[in-house]
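Working notes for the structure below.
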Amino acid sequence: MKINRREKKCIRYLTNEMSQADRAVFEIELALDHDLKNLYENYSLIWKHYPIPEQIDDPNYESKQSLSKDSSFIKDSKQRWSKKYIAISAFALVILTVSVFIYHSQDINYTNQIVTEKGERRSLYLPDSTLVVLNSLSEIHFPNAFNKTRDVFVSGEVFFDVTHNEEKPFTVHTTDLDVQVLGTAFNVNTSSSNKIISLERGKVNVLLKESNNQLTLSPNEQLIYNNATNNITKKNFNAIEVLGWKDEMLILDNTPFKEAIKKLNQFYGVTFRLKDKTLESKKITGAFKGLDIKGVISSLEFIANITIVPIHKNEYLIIGNDAN
C-alpha cells in the first residue's frame, strides 16, 4: 500500500518526527488547505483511538535497536516504519470510506481558491451566481460546479448573497461551524476567536461542530461563538457598521482605539501603532469611504485630536496631542 507525501506529513507530525520549523510550516498548510486539514483530522482520530502494536509504541524500542550495529537494525527499522504506515493507513482507509459514505462533503473537490491580501477586498460570483465579497486577509474554496448541494469553505470575513434554490441547499463550512441556507444574504467572520454570523435577510441555520447544536437566525440577528469558551451570544446588530466594509466603507461607532486600529490596519493594508498606551481605551466615532491613506490620516487627526507620524513605508505612529 503506497502512502503519498501528504499522508506522510500527517503521520510525521503526529509521531513528533518533524523539526520545529517543519511543524510550523505544516501548521500553516493545515490552516490554508481544507483537504489537508480533513486528512490530518482523520489520521489524528485514528492515532488517538486505534493503538498500533506495542512494539512501535515502546519509547525504548528505538534505543534498543540502536544497540545493534549490524544490518539487521536497518531491516528492523524499515520494517517497523512499514508496519506503522500500514497500520495507520489501513485504519485511515476504513475511516475515510465511512466518512465519504456518511458525509458527502468529503467528496467535494474545492478546485478554486481565492485569497485576499491585507487591505484588499474582492467580489466574485460562484457557479450558481451567488455573490461573494471577501474582506482583506480572507479566503474561499469552492468547486467548479455544484452538484446536489452547494458547499464552500471560508476563513476570515466573507459576505454572501446566495442565489435561492430550494433543491440545492447552500452550506458555508468553517473550522468551528457551518451555515446552512437556501437563499439569503449574510456575513461570516472567523478572523478572531469570536466566530460571528450576521444575517442581513432571509434565514440561516448555524451548526456548531463542537457541540452539534443548531441555531436559527432571523434578519438583523447576529450569532457570536467563542471557540475557546464555547460561549454563544445571539443579538441584534447594526447592519451599516457590520456590513459596510463590503461597500468599501469602514464605520467606527464609539469604538475603543485599540480595536479601531486593528480595523484600520486590516481595511487599508497599513500599520498604525500607538505611542501612548493610554490611548487604547479612548473611543472614536467616524465613517471612512473613498479616502486614500492621506485622507484617512487627516480625518483621524481631526476627530480624535491626535498626530500621526510616518515611520516607514505604510507604517505610522499615533501620538495623543495632550501627551506632547
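The values are calculated or read from the model by the stated rules, or taken from the named source; none is laboratory data. Predicted, not measured: the structure shown is a model, and the values here were computed from it. Methodologically, a virtual Cβ is constructed for each residue, glycine included, from the backbone with ideal geometry; neighbour enumeration extends over all protein chains shown.
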Q. Hey, among the residues in the range 257-275 that are surrounded by fewer than 15 Cβ atoms within 10 Å (Cβ to Cβ) and in contact with a strand residue (DSSP E or B) (Cβ under 7 Å, 6 or more places away or on another chain), which one's nearest to Asp292 (Cα to Cα)?
A. Arg273
(Q) Yes or no: the range 227-234 includes at least one residue that is of a type outside the set (Lys, Arg), farther than 19 Å from Ser193 by Cα and not in a helix (DSSP H, G or I). (A) no
Q.
I need the full set of residues from the range 140-151 which are free of Cβ contacts under 8 Å to residues at least 40 places away in the same chain and either part of a strand (DSSP E or B) or crowded, with 18+ Cβ neighbours inside 10 Å (or both), in order please.
A. Ile140, Phe142, Phe146, Arg150
Q: For Leu32, work out the one condition from (1) modelled with pLDDT under 50; (2) in contact with a strand residue (DSSP E or B) (Cβ under 9 Å, 6 or more places away or on another chain) it doesn't fulfil.
A: (1)
Q | Selected residue (criterion: surrounded by the most Cβ atoms within 10 Å (Cβ to Cβ)) from residues of the range 276-304 that are within 20 Å of Ile251 (Cβ to Cβ) and polar (S, T, N, Q) | A | Ser299
Q. What are the pairs, 6+ residues apart or on separate chains, where a residue within the range 297-319 that is in a helix (DSSP H, G or I) has its Cβ under 9 Å from a residue that is charged (D, E, K, R)?
A. Ala304/Lys282
Q.
What's the total number of residues in the range 1-23 that are part of a helix (DSSP H, G or I), modelled with pLDDT of 75 or more and not hydroxyl-bearing (Ser, Thr, Tyr)?
A. 12
Q.
Based on this model, can you work out whether Glu166 counts as of a type in the set (D, E, K, R), part of a loop (DSSP other than H, G, I, E, B) and either modelled with pLDDT of 95 or more or closer than 19 Å to Asn38 by Cβ (or both)?
A. no
Q) Does any residue in the range 239-263 that is touching a residue at least 40 places away in the same chain (Cβ under 8 Å) and within 15 Å of Thr285 (Cβ to Cβ) come within less than 8 Å, Cβ to Cβ, of a residue that is part of a helix (DSSP H, G or I) and hydroxyl-bearing (Ser, Thr, Tyr) six or more places away or on a different chain, and which pairs are these? A) Phe257/Ser281
Q: Read through the list (1) more than 30 Å from Tyr268 (Cβ to Cβ); (2) surrounded by 15 or more Cβ atoms within 10 Å (Cβ to Cβ); (3) more than 22 Å from the chain's Cα centre (by Cα), then give the number of the only condition that Ser218 fails.
A: (2)
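Tell me the residue from Thr174, Thr163, Thr184 that is within 18 Å of Asn213 (Cα to Cα) and in contact (Cβ under 8 Å) with a residue 12 or more places away in the chain, please. So that I can check it myself, show each step before the final result.
Values: Thr163 fails: within 18 Å of Asn213 (Cα to Cα); Thr184 fails: within 18 Å of Asn213 (Cα to Cα).
After applying the criteria, what remains is Thr174.
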Q: Can you work out which of the residues in the range 169-188 that are among the β-branched types (Val, Ile, Thr) and part of a strand (DSSP E or B) is surrounded by the most Cβ atoms within 10 Å (Cβ to Cβ)?
A: Val188
Q: Go through the residues of the range 229-248 one by one and say whether even a single one is farther than 30 Å from Leu291 by Cα and in contact with a helix residue (DSSP H, G or I) (Cβ under 6 Å, 6 or more places away or on another chain).
A: no
Q. So His34 clears everything in (1) of a type outside the set (A, V, I, L, M, F, W, C); (2) within 19 Å of His173 (Cα to Cα); (3) without any contact (Cβ under 8 Å) to a residue 40 or more places away in the chain except one condition, right? Which one?
A. (3)
**Q.** Filtered residues of the range 145-162 (kept if among the polar types (S, T, N, Q) and either under 14 Å from Leu182 (Cα atoms) or at pLDDT 90 or above (or both))
**A.** Thr149, Ser155
